[in-house]
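One structure is given here, and the rest of the page talks about it.
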Amino acid sequence: MNIVKTIADLRAAVSRARGEGKRIGFVPTMGNLHAGHIALVKKAGQRADFVVASIFVNPLQFGPNEDLDNYPRTLAADQDKLFEAGCHLLFAPSVEEMYPHGQAQQTIVRVPGVSEGLCGGSRPGHFDGVSTVVSKLFNMVLPDLAVFGQKDFQQLAVIRTMVRDLNMPVQILSEPIVRAADGLALSSRNGYLSADERATAPSLYRTLIQLDVAIRGGRRDYPALIAEGLSALQAAGLRPDYLEIRNAIDLQPVSERSTELVILAAAYLGKTRLIDNLLVDIHTSA
Ligand code: PAF
């Protein structure tokens with residue numbers, strides 16, 4: 001696996017691979033890789049001949065009181081994991097390489113609609129930072145396809161909308177959430193949890209499952225279900241940021257006609273903000 005830190009070296013390595021007729025797959029990450037990221041790299045390897053991953057903790061997507069400075073940076077361990085997963089090229093740029101004219105002067109890509117509410121409501125500017133850095137990375141790598149995790153469900157919807165609206169010639173693929181044995185969705189931020197918080201954390205997923213069971217059992221009183229879910233989260237010791245049931249296709253509020261739903265939640269355990277979601281297909285349920 002080659003490791004490059006500059007856009008010039010990245011472009012040279014990718015164009016060599018493309019010159020050999022290879023299809024380029026891309027997995028953008030912020031590092032501190034876990035099994036969820038590795039599943040994305042493996043998927044890229046199944047669908048493309050040359051896999052590029054990036055590791056860049058993107059300051060533009062962090063709010064002023066968020067965890068940018070403390071975000072775990074584990075480049076050496078990440079390199080080993082990427083190599084084992086079959087990655088061919090790692091792009092690990094500096095902040096200066098990505099934002100040579102400063103962040104304040106950076107052109108911003110903003111995706112209206114799907115980026116609003118949910119995490120976009122709680123983290124103003126977050127999705128502008130994500131869509132901007134992902135479009136820059138797409139322009140640098142020029143991949144045929146890119147793979148994102150479904151844990152960041154709203155992020156995936158933002159990226160799909162951006163690619164559609166800006167006619168970007170890249171196919172977006174996704175991979176299901178990878179969970180620990182007790183159900184907690186894998187996340188780099190799980191490393192912030194104390195032992196007690198880690199024991200409480202699976203309650204987030206358990207609450208989503210309770211709602212899923214109720215909906216598939218025929219309940220459609222969504223506001224009451226949300227109220228019950230919020231109480232369950234609080235009773236378990238979590239501080240809910242949001243819990244919502246939306247249409248999975250466009251993240252619009254759920255309606256009578258919705259058949260593919262997604263239950264989305266964000267909640268704090270101490271200072272750590274966890275997110276999770278669960279797709280509910282009610283085509284076939286009661
Ligand atoms: O999901 C992430 O890790 C980040 O939001 C991404 C897509 C790499 C952009 O910085």
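Derivation of every value follows stated rules applied to the coordinates shown; laboratory data play no part. Just so you know, these numbers come straight off a predicted model, no measurement behind them. So basically every Cβ, Gly included, is an ideal-geometry build from the backbone, and we count neighbours across all protein chains shown.
The lysine pair count for the chain, using Cα distances under 19 Å and pairs eight or more places apart or on different chains, is 8. Remark: the Cα gyration tensor places the chain in the prolate category, a/c being 1.5 or greater and a/b exceeding b/c. For segment 160-209, what does the relative contact order come out to in percent, with C-alpha contacts under 8 Å and a separation of six or more? Relative contact order comes out at 26 percent.
Starting with the fewest neighbours, write out SER255, SER231 ranked by other beta-carbon atoms found within 10 Å of each beta-carbon. Don't skip to the end; give the middle numbers.
Numbers: SER255 8, SER231 12.
Ranked by crowding around the Cβ, least crowded first: SER255, SER231.
Which residues in segment 88-103 place their backbone N less than 16 Å from a point set 7 Å from the Cα of ASP9 along the Cα-to-Cβ direction? So the set is 88-98.
Across segment 136-286, the fraction of Cα-Cα pairs farther apart than 17 Å, rounded to a whole number, is 64%.
Helix 7-19 axis versus longest C-alpha principal axis of the chain: approximately 90°, rounded to the nearest ten. Size descriptors for segment 152-219 (Cα atoms only): Rg and Dmax, in that order, 16.4, 47 Å.
Neighbour counts of C-beta atoms inside 10 Å place SER15, SER135, SER187 in the sequence SER15, SER135, SER187, starting with the fewest. Fewest-first ordering of ILE159, ILE172 by other beta carbons within 10 Å of each residue's beta carbon gives ILE172, ILE159.
Separation of segment 101-129 and segment 73-100, taken as the distance between their Cα centroids, equals 24 angstrom.
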